[in-house]
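Everything on this sheet refers to the single structure shown next.
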């Protein structure tokens, strides 16, 4: 059942993000690096959601088996059941079972539709990110290199100052960056070098 799992995931994520924001404020006051904090928050959220998904799948499988055994293939009626059936009690039981089955089928249909939408949205996000990274890699190859403040950087028309790349990181600065005074350039390059040392993409 995907809908309850997604609601649980969003709720846990919001709570942990709120806690992370509070912790970040506290760490900022004592001048402690805060990158590891958010790595931990993301790790906890992913761990809890995966554990919840595995447990929910196990519970769902167990309940499905119980439903098939107890409802779809009920045990043979006893003499008391036969007596009750003669008084039309069995008819209402069959109607009740059919109603429950119809409800489960409707919920399963909604759940399947939700899963399909979730997969489609995730695929679109992945495709958009892939296209953006491919475009960045293509443009990056056309950027010339320039020595600024003793550091080799990429020179773009309007991108940066920033660090680009995951494996091979480089600093990119826009052309207007070269019009700044030497001290401003040095501060800007030093700032981006700190990002590179911290492996910030």
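The condition (being part of a helix (DSSP H, G or I), free of Cβ contacts under 8 Å to residues at least 40 places away in the same chain, within 19 Å of the chain's Cα centre (by Cα) and surrounded by 11 or more Cβ atoms within 10 Å (Cβ to Cβ)) is satisfied by just one residue among 123, 117: 117. Quick one: would you say residue 155 is under 33 Å from the mean Cα position of the chain (by Cα) and at pLDDT 90 or above? Taking the combined requirement at face value, the residue does not satisfy it. Residues in the range 167-198 that are in a loop (DSSP other than H, G, I, E, B) and touching a helix residue (DSSP H, G or I) at 6+ places or on another chain (Cβ under 9 Å) were compared, and the one that is nearest to residue 138 (Cα to Cα) is 169.
The values are calculated or read from the model by the stated rules, or taken from the named source; none is laboratory data. The model shown is predicted, which means the values in this text are computed figures rather than measured ones. Methodologically, a virtual Cβ is constructed for each residue, glycine included, from the backbone with ideal geometry; neighbour enumeration extends over all protein chains shown.
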